[in-house]
Structures are given as structure tokens and as C-alpha cells.
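The values are calculated or read from the model by the stated rules, or taken from the named source; none is laboratory data. Note that the coordinates shown come from a computational prediction; the quantities given were computed from them, not determined experimentally. Note: ideal-geometry Cβ built from the backbone for every residue, glycine included; neighbour counts use all protein chains shown. Heads up: the accessible areas ignore ligands, DNA and RNA and are worked out on the full protein's heavy atoms, side chains in. Shrake-Rupley method; radii C 1.70, N 1.55, O 1.52, S 1.80 Å.
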Amino acid sequence: MIKKLTYPFTPAQVRSLKVGERVLLCGRIFTGRDRLHQYLAAGRRSPVSLRNGAIYHCGPVVVRAKGRWNVRAAGPTTSARLEPYMASIIKRYGLSLIIGKGGMGASTAQACRDYGCTYLQAVGGAAQVLKDTVQKVCGVHLYKAFGPTEALWELEVRDFPCLVTMDARGRNLPAQIAKRSETMLRKLTR
Amino acid sequence: MPSMWINSLEQLIRRTSADLPNDVEAALRRAQRKEKPGSAARWALDTILTNVALARERDAPLCQDTGALSFYCRAPRRFDTRGLTAAIHAAVRRATTKGFLRPNTVDPLTRCPCAHNLGPGAPVIHVEFERRRTVEVRLILKGGGSENVSVQFSLPDLRLKAGRDLEGVRCCLLWTLVQAQGQGCAPGVLGVCIGGDRAAGAEYAKRQLLRPLSDRATEPRLAALERKALQDAQKLLIGPMGLGGATTLLGVKIGALASLPASFFVSVAYMCWAFRRRGIVLDAAGRVVRQLYD
């Protein structure tokens with residue numbers, strides 16, 4: 001079964017998500033990568049309200065034509081790099097969803113449990129499939145400071161496909177797979 | 001450099017960013033058939049293959065991380081490389097302006113974008129001279145996720161229990177995949193160099209990625225290691241996008257360089273599934289006379 005979720009993502013909706021479920025997101029999502037996370041975790045004011053919102057770990061390719069922003073490619077970037085900042089951002093800004101690839105570490109997993117946040121995985125590299133879900137660029141923030149790749153883009157999406165891999169109940173698919181692969185590695189290199 | 005050169009090189013960049021080579025796509029299709037419909041791994045591979053087709057049809061970047069650019073050129077003796085370098089730079093500039101490439105190069109100190117993806121050391125251009133009339137240019141676009149998980153080992157390595165032999169090299173390769181999971185987009189390809197000094201080893205490992213997926217190392221011991229490491233990699237069950245599954249790796253390409261008796265480096269270049277490599281042969285006027293990969 002595929003669940004549909006529409007922004008704003010309520011705490012009840014987010015807590016109902018389980019690892020392994022597929023989700024289609026609709027409405028507003030916000031992109032952010034290394035520089036934005038560093039900025040937010042340092043306690044700077046977020047240019048948008050992140051409460052009940054979703055941060056998408058993504059640096060899109062966006063071109064400006066005829067006075068409009070056009071997203072040409074928009075797949076997820078590696079979430080693990082944002083691990084040092086994520087937990088404090090979840091706590092401080094009341095974030096509901098994180099979208100990225102590869103899963104995140106123990107402090108994010110703990111923050112997801114404590115504050116009712118959920119991590120969703122999009123398919124890495126699938127920049128065309130994912131950009132097709134973008135209906136509109138609603139705005140861009142910190143463009144001058146961070147440049148186009150690292151800026152915060154406000155995207156309106158329809159049926160953005162992802163998979164729950166770390167839920168608010170503490171289940172964690174990437175951690176399970178990592179553990180199994182480490183066991184296999186020991187067997188294969190004995 | 002006349003505009004014909006710039007046009008041909010711009011087309012090479014555009015195509016490399018949008019059109020995944022056939023050997024990689026075929027390997028992804030084989031991986032797709034191995035996953036159960038409805039599984040997370042199958043969902044990932046279905047999405048990946050749809051994306052490959054869309055990018056090709058639209059001539060748009062396959063992945064938003066349009067990668068670091070490495071050009072590998074072969075030119076006739078006494079060929080003017082300043083002209084070639086200038087043409088490559090002009091082509092990169094145009095490809096960035098047109099959105100085939102993301103502004104994807106930053107100053108290491110300020111972290112601010114370098115204009116048009118041009119900066120010290122970017123793009124990387126290698127040129128070799130040989131007796132020939134045409135110029136061959138190959139291009140690899142390698143994303144940050146995959147570059148970040150590339151590694152260099154110095155054997156023996158006690159953490160890995162890897163000794164100074166081919167068995168030790170196999171440990172390094174499997175260890176690399178376990179560390180890379182979730183970060184470098186699987187199923188990927190490993191380019192490997194055994195030996196060399198640190199700089200030459202890292203460069204030669206990446207260069208292995210120019211080889212088609214179907215070939216084998218000519219040295220039989222390396223060929224055997226390529227096969228064995230590939231088989232073992234699938235047993236890790238990391239699977240597409242690290243979601244668990246039958247295919248963790250699409251290929252292993254190993255080369256070797258002479259080294260000091262004291263040194264035993266194993267350099268590993270991890271390439272993600274979005275393995276963007278293309279090549280062209282140009283005549284003296286800069287016209288494309290042949291494509292190097294299907």
C-alpha cells in the first residue's frame with residue numbers, strides 16, 4: 001500500500017509511518033544541504049517555518065528562463081554528511097520529515113523518536129523521475145550567501161515517491177542492513 | 001581553438017551527463033530481474049531505469065550531482081595542448097550555462113561556487129601523446145557521494161586484518177563496500193589499483209573505470225580477483241541504494257603499478273550506478289569521427 005501525505009505533515013500522520021512503507025508526498029518541501037544545516041544548527045533564524053515541514057537533502061539543478069525558475073534535475077544527496085546537525089535542527093525547528101538517501105546515524109535516529117520525526121529515502125541519482133514531481137518553485141532563500149546548489153529552495157511537489165527507512169518508533173532499515181553486511185564481511189574475510 | 005572543437009566537446013559533456021552507457025544500463029537490467037517485484041530493491045531499480053530512459057530522452061542530467069569532470073585525452077605527438085585545454089574549458093563553461101552541468105565546483109576555503117565549474121585543478125585533464133592522427137577524448141563524471149567513499153589503504157591494515165597479498169586486497173574491497181553503503185549509490189563499480197605511490201595509485205584506480213564492464217584484466221591473477229571480489233560483494237546483501245538485495249556491485253576493474261618494497265597501497269575508486277563515461281575521437285578539424293562507448 002502506498003500512503004499519500006500532504007503538507008503540513010501532522011505529528012499523528014508522521015507517527016503512523018512505518019519502516020518499509022512507501023509514501024507519496026504532496027505540497028511544500030524545502031531543500032537543504034551542508035551549508036544550510038550548518039547555518040540552522042548554529043541557531044540562525046530559518047528563512048521559512050520548518051514546523052511540520054520536510055527538509056529534502058538535495059542540491060537541485062535550477063535554471064532561470066523567461067523570469068521563472070525551472071528545475072532540471074533534483075535527486076537526493078547523501079544524508080550522512082548532515083548527521084552532526086540534524087538532531088538539533090529536528091529539535092529546534094519542529095521538523096516532521098527528512099528526505100534523503102542512505103539513512104542517518106544514531107543521534108538523528110534518537111531525535112526522530114524523541115520529537116516524532118521520520119526519515120524517508122528517495123532513490124539516489126533519480127534526478128529526472130524526482131524533478132517531474134516538482135510542480136512549481138515557490139521561492140528561494142539564502143541564494144546569494146550559499147549559491148544555487150546549497151540554497152533553500154521551496155518546492156511544490158505532487159506524488160514525490162519515497163520509502164520510510166527510519167521511523168518515529170525507532171525502527172531503522174539502514175542500520176539493520178549495515179549490521180547484516182558487517183556480519184557477512186567478517187565471515188568472508190576470516 | 002576553432003568553435004568546431006568547442007561544439008564537439010560540449011556535446012560530449014551533454015551526452016555524458018544525460019545518456020548512461022549501454023554496458024552499465026544492461027548490468028542494471030540484469031540486477032532488476034534478480035529482485036522480487038514489490039521489494040524495496042526492485043522499487044529502487046525500477047525507478048533508476050525509468051530515470052535512465054527519461055534523462056536520455058530529454059537530454060537532461062541523469063543525476064543532479066553532475067560530478068567532477070575528468071578528461072582523458074590521447075593526442076598526436078607535438079599536438080598543441082593549450083588549444084585543447086582552452087576548448088575543454090570553453091565547453092565546460094557553456095555546458096554549465098545551459099544547465100547540462102550544475103554549478104558544482106567550489107572554492108575550498110570560502111566554499112563559494114567557482115564560476116562555470118572552472119577553478120584550479122577543475123576540470124581534471126590528462127593528456128598522453130602517441131603516434132596517431134586523431135585526438136581521443138574520454139570523459140568521466142563522478143558524483144560527490146561516490147568520490148567521498150573512495151579509499152586508499154596501506155597494507156598491512158590491522159583493522160581489516162588485511163595482509164600484503166591479494167587476499168588482503170580482497171578484504172579492502174569488501175570493507176570499502178560496507179563503509180560505502182547508503183552513501184555511494186549502489187549498485188556501483190570499483191576501480192582499483194594495487195601498488196604505485198599514493199598519487200599514482202589513486203589516479204590509476206580511477207582510470208580503471210574507463211574499461212568497459214565486460215572486459216577482464218589481462219593479468220590472470222587480477223582477472224581472478226576481479227571475479228572473486230564481485231561474487232563476494234553480492235553476499236554482503238547491501239543491495240540497490242543500500243535497501244538490501246541481491247546486487248551490491250556491477251563490476252570490479254583492477255590494475256597494478258610497480259611500487260617501493262616498503263609500500264603496498266590499495267587504491268579504490270568507487271563509482272555509483274550513475275556511471276557516466278563517454279568518449280569521442282576527433283579529427284584535426286575537431287569533428288567527431290567516432291564514439292568510443294555505445
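One table, with the values for the structure above:
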read-out: Loop sites in region B:237-294: trypsin sites (Lys or Arg not before Pro), DSSP, at most 15 other Cβ within 10 Å; value: B:Arg287
read-out: Helix A:83-93 axis, angle to chain A major axis (alpha carbon atoms, nearest 10°); value: 60 degrees
read-out: Calculated SAXS-style log₁₀ I(q)/I(0) at q = 0.07 Å⁻¹ - chain B, Debye, Cα scatterers; value: -0.27
read-out: Cα Rg over Rh - chain A, Kirkwood; value: 0.98
read-out: Residues A:Arg190 and A:Met1, FRET efficiency given R0 of 41 Å [Cβ-Cβ distance, rounded to 0.05]; value: 0.45
read-out: Interface area, A with B, accessible, probe 1.4 Å, both sides summed, Å² nearest 100; value: 3600 Å²
read-out: Cα point-scatterer Debye curve for region B:145-271, base-10 log of I(q)/I(0) at q = 0.20 Å⁻¹; value: -1.11
read-out: Accessible-area composition of the protein assembly as shown, carbon plus sulfur, in percent [1.4 Å probe]; value: 52 percent
read-out: Between 0 and 90°, nearest 10: helix B:3-18 axis offset from chain B longest Cα axis; value: 30 degrees
read-out: Mean Cα-pair separation over length for region A:2-188, i.e. relative contact order, pairs under 8 Å, 6 or more apart, %; value: 29 percent
read-out: Residue list for region A:149-190, given a label point 7 angstrom along the Cα-to-Cβ vector of B:Gln231 and an amide N cut-off under 15 Å; value: A:188-189
read-out: Other-chain or far-sequence residues with amide H under 5 Å of B:Gly255's (modelled H); value: B:Val192, B:Cys193, B:Ile194
read-out: GluC sites (Glu not before Pro) restricted to region B:1-74 and DSSP loop, no more than 11 other C-beta within 10 Å; value: none
read-out: Nearest-0.05 FRET efficiency for B:Thr50 and A:Ala12, computed from C-beta distance (R0 30 Å); value: 0.40
read-out: Those Cys residues of chain B for which no other cysteine Cβ falls under 4.7 Å; value: B:Cys63, B:Cys73, B:Cys112, B:Cys114, B:Cys171, B:Cys172, B:Cys193
read-out: Mean ellipticity per residue at 222 nm, deg cm²/dmol - from DSSP H runs of n ≥ 4 across the protein assembly as shown, formula -39500 (n - 2.57); value: -11000 deg cm²/dmol
read-out: Kirkwood hydrodynamic radius (C-alpha pairs) into Stokes-Einstein, the protein assembly as shown, 10 °C and 1.306 mPa s, D in µm²/s; value: 69 µm²/s
read-out: B:Met4 accessible area, assembled protein chains, probe 1.4 Å, Å²; value: 70 Å²
read-out: Distance in nm between pseudo-label sites at A:Arg44 and A:Glu182 (7 Å out along the Cβ direction from Cα); value: 3.5 nm
read-out: Potential lengthening between B:Asp197 and B:Arg131 on full extension [0.36 nm per residue; Cα-Cα distance subtracted]; value: 21.0 nm
read-out: Radius ratio Rg over Rh of region B:103-170, counting only Cα atoms, Kirkwood formula for Rh; value: 1.14
read-out: Region A:74-119: trypsin sites (Lys or Arg not before Pro) in DSSP coil with no more than 11 other Cβ atoms inside 10 Å; value: none
read-out: Nearest 10 degrees, 0 to 90: helix B:220-235 Cα axis against chain B principal axis; value: 70 degrees
read-out: Gain on full stretching of the segment that runs from B:Arg159 to B:Ser214 - 0.36 nm per residue minus C-alpha separation; value: 16.5 nm
read-out: Amide H within-cut-off set for B:Gly245, under 5 Å, with H built and near neighbours excluded; value: B:Ile238, B:Gly239
read-out: Solvent-accessible ranking of A:Thr133, A:Thr10, largest area first, probe 1.4 Å; value: A:Thr10, A:Thr133
read-out: Cα-based equivalent ellipsoid, region A:129-169: semi-axes from gyration tensor eigenvalues, Å; value: 24, 16, 9
read-out: Farthest positive-ward along chain B dipole, Cα basis, beta-carbon charges - from B:Leu260, B:Gln179, B:Leu49; value: B:Leu49
read-out: Dipole magnitude of the protein assembly as shown about its Cα centre (Cβ charges: Lys, Arg +1; Asp, Glu -1), debye to nearest 20; value: 500 debye
read-out: Residues in region A:162-190 occluded by at least 30 Å² - accessible area, probe radius 1.4 Å, against chain by itself; value: A:Leu163, A:Ile177, A:Arg180, A:Ser181, A:Met184, A:Leu185, A:Leu188, A:Thr189
read-out: Förster radius 22 Å - calculated FRET efficiency between A:Lys144 and A:Arg68 (Cβ-Cβ, nearest 0.05); value: 0.70
read-out: Extended-chain gain in nm, criterion 0.36 nm per residue less alpha-carbon gap, B:Thr97 and B:Leu257; value: 53.7 nm
read-out: Probe 1.4 Å, protein heavy atoms only - accessible area per residue of chain B in square angstrom; value: 41 Å²
read-out: Region B:30-52 and region B:220-294: distance between their alpha carbon centers, rounded to Å; value: 21 Å
read-out: Probe 1.4 Å - accessible area at A:Cys138, Å² to nearest ten; value: 50 Å²
read-out: Around A:Glu150: net Lys/Arg minus Asp/Glu count, Cβ-Cβ under 15 Å; value: +3
read-out: Aspartates and glutamates with Cα under 14 Å of B:Lys36, excluding same-chain neighbours fewer than 8 positions away; value: B:Asp46
